[in-house]
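J.: Here it is: the structure, laid out below.
The values are calculated or read from the model by the stated rules, or taken from the named source; none is laboratory data. The structure presented is a predicted model; accordingly, all values stated were derived computationally and were not measured. Cβ placement follows ideal geometry from the backbone for every residue including glycine, while neighbour counts extend to all protein chains displayed. What goes into the accessible areas is simple: the full protein's heavy atoms, side chains included, and nothing from ligands, DNA or RNA. Shrake-Rupley method; radii C 1.70, N 1.55, O 1.52, S 1.80 Å.
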Amino acid sequence: MAPITRRSFVPMLALAGTPLLSVPLAAQAQSPWPVRPVKLVVPQGAGSGSDVIARLLSDRLAQQLGQAVVVENNPAANGLVALGAVAKAPADGYTLVLAGVSQIAFNPALYKSLPYDPLKDFTFLAPVADTPFVLVTSNRSGIKTFAQFLEQAKAKNGELTFGSAGIGNSTHIAMELIAATAGVKLMHVPYKGSAAALTAVLAGEVDAMVSVVGPALPQVQSGKVQAVAVLGAARVPQWPQVPTVKEAGLNVPPMPGWYAIAGPARLDPKIVATFNAALQKVMADPAVKARLAELSLPAMSGGEADIRRRAVDDQAFWSAFITRNNIRVE
């Protein structure tokens, strides 16, 4: 046997060490996602529309992914804190957010500065559901049609009141769109959340509000408030007699209310594909379809490219509208 010299010993050590170093690195690179729980951040409080959707999907997504999907509510500052945190999270697929149109399309114009860039700092994974809106009026107001709403708005010249879930919320922006297009003045009364605003309409404290259809549905069906127009492209199946705003004579675009799953920028396309495959199976579940229909939350089709394109288009339109009408959150 040839003696092991100093010259031959060094390469042998290097060769012997190579497999020991490369195996764990290779295993890490090939590890399937996810291998630990996934956090789904909701930038609204418990019981909100996005919270209901997140909790409807989380358990079923966990079954498809083989890991827990943990919902974390962070409603501070109209989603600024939640989306800012997700934007800065590692791009490993373990921190996602159920973003809404307001955080992506409205906030850039509502605030002087944002802790995130809505289009550059996120990977859009998939659209989830849309939210139709309806203009409802209090029984005390005597308004039963959209035409009557505009008539009173013109007659009262800034004294007709409307509630909202807060300055800059979709329920606020939607009414500003109606007022600006119709050339009328309204008095805005912001509340802390949609539930409080809808309660104010029920009590006659304010004359009207734009509400998400789901919470307003039982109140309209019981006759406690009046549904006068839908702010969407089509009528709501539960109220075939209630026209859209456009059908009622005011040419406005549909009010967007979509929700989509997003993660930090530069997320691995394989993670996006894995998540999308799981989500498609969940959305095809008859129980999920039935629950979304019950909540008046129509499921959205398409993939990551579709929701990114919609985010770009909505941000361009609504940022311009908000800026033009000098709507700001201080």
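J.: Within the range 71-100, name every residue whose backbone N is under 20 Å away from a label modeled 7 Å from Cα of ALA196 along the Cβ vector.
T.: 73-82
J.: Kirkwood-based Rg over Rh for the range 249-315 (C-alpha set), two decimals?
T.: Numbers: Rg = 14.5 Å, Rh = 14.1 Å.
On the Cα set of the range 249-315, Rg over Rh gives 1.03.
J.: When all C-alpha to C-alpha distances in the range 112-234 are sorted into bins of 5 Å, what percent of pairs does each bin hold, rounded to whole numbers?
T.: Whole-percent P(r) values from 0 Å outward: 2, 11, 20, 23, 17, 11, 6, 6, 3, 0.
J.: Rounded, prolate or oblate: pick one for the range 249-288, where a ≥ b ≥ c are the square roots of the eigenvalues of its C-alpha gyration tensor, a/c under 1.5 means rounded, and failing that, prolate if a/b is larger than b/c, else oblate. Before the final figure, lay out the partial values.
T.: On the way: a/c = 4.36, a/b = 1.59, b/c = 2.74.
Oblate, because a/c is 1.5 or more while a/b does not exceed b/c.
J.: Determine how large the accessible area of ARG308 is when every protein chain is in place; take a 1.4 Å probe and give Å² rounded to the nearest 10.
T.: Roughly 80 Å² of ARG308 is accessible to a 1.4 Å probe.
J.: Could you tell me what fraction of 2.2 N^0.38 Å the Cα radius of gyration of the range 37-105 comes to, as a two-decimal ratio? Please report the intermediate quantities before stating the final value.
T.: On the way: Rg = 11.6 Å, N = 69, 2.2 N^0.38 = 11.0 Å.
In units of the globular-protein estimate, the range 37-105 measures up at 1.05.
J.: I've got another one for you. When the gyration tensor of the range 86-125 is built from Cα positions, what are the square roots of 5 times its three eigenvalues, in whole Å, from largest to smallest? Walk me through the numbers before you get to the answer.
T.: Details: eigenvalues 76, 24, 11 Å².
After scaling each eigenvalue by five and taking roots: 20, 11, 7 Å.
J.: Roughly speaking, what is the stretch gain from PHE317 to ARG235, that is 0.36 nm per residue apart minus the C-alpha to C-alpha distance, in nm to one decimal? Before the final figure, lay out each step's value.
T.: Working: separation 82, 0.36 × 82 = 29.52 nm, distance 2.29 nm.
The span from PHE317 to ARG235 would gain 27.2 nm if fully extended.
J.: Would you compute, for the Cα atoms of the chain, the largest minus smallest coordinate along each principal axis and list the three values in descending order, in whole Å?
T.: In descending order, the Cα extents are 108, 43, 29 Å.
J.: Right, something else. Gain in length, ALA299 to LYS120, computed as 0.36 nm per residue apart minus the alpha-carbon separation, to one decimal in nm?
T.: On the way: separation 179, 0.36 × 179 = 64.44 nm, distance 2.56 nm.
That pair, ALA299 and LYS120, stretches by 61.9 nm at full extension.
J.: Let me ask you something else. If I take all pairs of Cα atoms in the range 201-330, what percentage of them are more than 25 Å from each other?
T.: Details: 3716 of 8385 pairs.
Percent of Cα pairs beyond 25 Å in the range 201-330: 44.
J.: How big is the antiparallel share of DSSP beta bridges in the chain, given as a percent to the nearest 5?
T.: Values: 21 of 36 bridges.
Antiparallel bridges make up about 60 percent of those DSSP assigns within the chain.
J.: Note down the accessible area of GLU176, probe 1.4 Å, to the nearest 10 Å².
T.: Roll a 1.4 Å probe over it and GLU176 shows about 50 Å².
J.: Taking R0 as 22 Å, what's the FRET efficiency between ASP306 and ASP285 from their Cβ-Cβ distance, rounded to 0.05?
T.: On the way: r = 21 Å, r/R0 = 0.95.
About 0.55, to the nearest 0.05.
J.: Could you tell me which residue out of LEU114, PHE162, GLY66 lies farthest along the dipole of the chain toward its positive end? Charges go on the beta carbon: Lys and Arg +1, Asp and Glu -1, centred on the Cα centre.
T.: Selected residue: GLY66.
J.: Leaving out ligands and nucleic acids, note down the accessible area per residue over the chain with a 1.4 angstrom probe, in whole Å². Write down the numbers at each step before the final one.
T.: Numbers: 15800 Å² over 330 residues.
Accessible area per residue, the chain: 48 Å².
J.: Summarise the long-distance tail of P(r) for the range 161-230 by giving the % of C-alpha pairs beyond 17 Å.
T.: Numbers: 854 of 2415 pairs.
Taking all Cα-Cα pairs of the range 161-230, the fraction more than 17 Å apart is 35 percent.
J.: Could I ask something else about it? DSSP loop (so not H, G, I, E, B), at most 12 other Cβ within 10 Å: list which trypsin sites (Lys or Arg not before Pro) in the range 83-175 pass both filters. Walk me through the intermediate numbers first.
T.: Working: sites: LYS88, LYS112, LYS120, ARG140, LYS144, LYS154, LYS156; in loops: LYS112, LYS120, LYS144.
In loop regions of the range 83-175 (DSSP not H, G, I, E or B), the sparsely surrounded trypsin sites (Lys or Arg not before Pro) are LYS112, LYS120.
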